[in-house]
Structures are given as C-alpha cells and as structure tokens.
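Peer 1: Before we start, here is the structure in question, set down as structure tokens.
The values are calculated or read from the model by the stated rules, or taken from the named source; none is laboratory data. As the structure is a prediction and not an experimental result, all values here were calculated from the model. Neighbour counts are summed over all protein chains in view; Cβ atoms, including those assigned to glycine, are modelled from backbone coordinates with ideal geometry.
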Amino acid sequence: MKKLKQMEQGIQMPRNAGLFTTNIAHALARGMGWGSCEPPEPADEGKSVKPPLTPEASPLKAGQLTLKLIFALLSILFLGSCYLGYFLAEAYPDLAKKEMEDLREFFRTFVSRDISPLEIFLIIFLNNSIKSFFAMILGVFFGIVPVLFIFLNGLIIGFFAKFLGEEMGILKFVFLLLPHGILEIPAVILACSYGVQLGISLIKDRKGLGKKIKVSVIKFFKIVVPMLFVAAAIETLLIVIR
C-alpha cells in the first residue's frame, strides 16, 4: 500500500508542476499585453519576422556608420585627385597651361564686369549649391555621378595648385583657399556622400524611392546649404578685399 501511494504522489507532482508552469506563462502573456491566455497564432512563414532591433543592429546607427565611411572614402578620393591634377599639370605643362589660360580668360571676363558683392556672392553660392544638389540627386544611378564630381573637382584644384602655387607660392595659395575651402570642400563631399548613400540604398532595396530622396534633400538643405552659404560669404569677402 505504501508503495502504491508513493507511486500516485510521484504521478501527481509533475501534473501540478505542469499546471504551475502554465499559470506562469499565462501571467507573462497578460503582462506583455497579449490580453488572452491563448497562445499566439503561429507566424506566417511567407512573411519574414525580423528579430527585435538591438543597439548594435539599429538601422540608424548602421546608416550613420555607412555615411561616415562613404565620406572618408570620398575625402581620400578628393585628395588623391588633387595630387593627380598637380602631377598631370607637371607632366603635361603645355596642355595644362592652355587649360589655365582658358580659365583665366573666363575669370577676366567675369571680373571685368561691374558686378556688386551681392551678385558675386549669389553666383558663387548658387553655383556650388546647384551643382552639389544635382550631383547628390544623380547619385541614384549607382552613385557614379557624385564620385565623378568629387574626382573632377580635385583635378581642377590640383591644376590650380600647380600653376598658382608657382606664381604666388604654394603656402599663399593654401591660405587663400583655406578660409572658404574649409567649409566648402567638406560640404560638397558631404552632399556627394548623401548621393552615394542614396545609390547604395536603392541597389539594396528599390522600394520607397521617393521617401529616400526626400530624406537626402532634407539633409542637404539642413546641413550642406548653410555650410555653402557661409563659404560663399567668406569667398566673396576675399574677392572684394583683393
């Protein structure tokens, strides 16, 4: 008889333990807002359920990291193209001199006109803003246009550094470029970084094209335009003083 009672108790304990565990699960379900003790319906296998985002997997932080990386790579490209422009001007002096003479003729025509400081400011500001804006927007085509835009700007600055540096000294050229270039160059690289990021995001997922472009445009007007505005004001001041 004692053995039979012990066997019955051994059978009842797991049942009580199972009931206790079920009650805990129901209480947790209510606390998480499921509202019902019934187990949730199984997820549709056709719709992929993503795991909850962790700080490491946050799309915002991932996007910021990607933008920083793109900005760094475009900055390296810019510096490399500046050096290449300087080297090409040194290796092919006749061709480079012809290009420089054409640029000087353009600037002579520009300066010879009776233009007010406000008009100079607007020309510089609108020129930089419009070109940077379209370079960014055209980044939807696999990010090719903004990369080329950075490369060509670096080449031109390298050309100027070679010839104007020989005429006035490289340090003077750097000091003339630095006051406005310290804002203008990063602003242009940032705008092109938005463009490359836009192209990469569209390669990964083409859905929501309008929304992605809208986000890039908002960033452009919030960050890039003010930087170009201040840079154009400084450049205009330098031109007027000279």
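Let's see how each residue does on (1) closer than 22 Å to I185 by Cβ; (2) touching a residue at least 24 places away in the same chain (Cβ under 8 Å):
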residue	(1), (2)
K68	yes, no
I76	yes, no
L79	yes, yes
P117	no, yes
F134	yes, no
F142	no, yes
F151	yes, yes
I157	yes, yes
F163	yes, yes
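Peer 1: Of the residues L126, L176, which single one is in a helix (DSSP H, G or I) and touching a residue at least 40 places away in the same chain (Cβ under 8 Å)? Talk me through it step by step, then tell me what you get.
Peer 2: Values: L126 fails: touching a residue at least 40 places away in the same chain (Cβ under 8 Å).
One residue alone meets the criteria, L176.
Peer 1: Here is a check on your reading of the model: is F163 closer than 24 Å to E101 by Cβ, among the hydrophobic types (A, V, I, L, M, F, W, C) and crowded, with 19+ Cβ neighbours inside 10 Å?
Peer 2: Yes.
Peer 1: Within the bounds of segment 118-133, is there any residue that is at pLDDT below 75 and loosely packed, with under 14 Cβ neighbours inside 10 Å?
Peer 2: no
Peer 1: Kindly indicate the residue of segment 47-99 that is among the basic types (K, R), within 29 Å of the chain's Cα centre (by Cα) and modelled with pLDDT under 60 and also surrounded by the fewest Cβ atoms within 10 Å (Cβ to Cβ) among those meeting that condition.
Peer 2: K50
Peer 1: Name the pairs: first residue in segment 189-213 and in a helix (DSSP H, G or I), second residue among the polar types (S, T, N, Q), Cβ to Cβ under 7 Å, at least 6 apart or on different chains?
Peer 2: I189/S75; A191/S132; Y194/S216; Q197/T66; L198/S216; K212/S201
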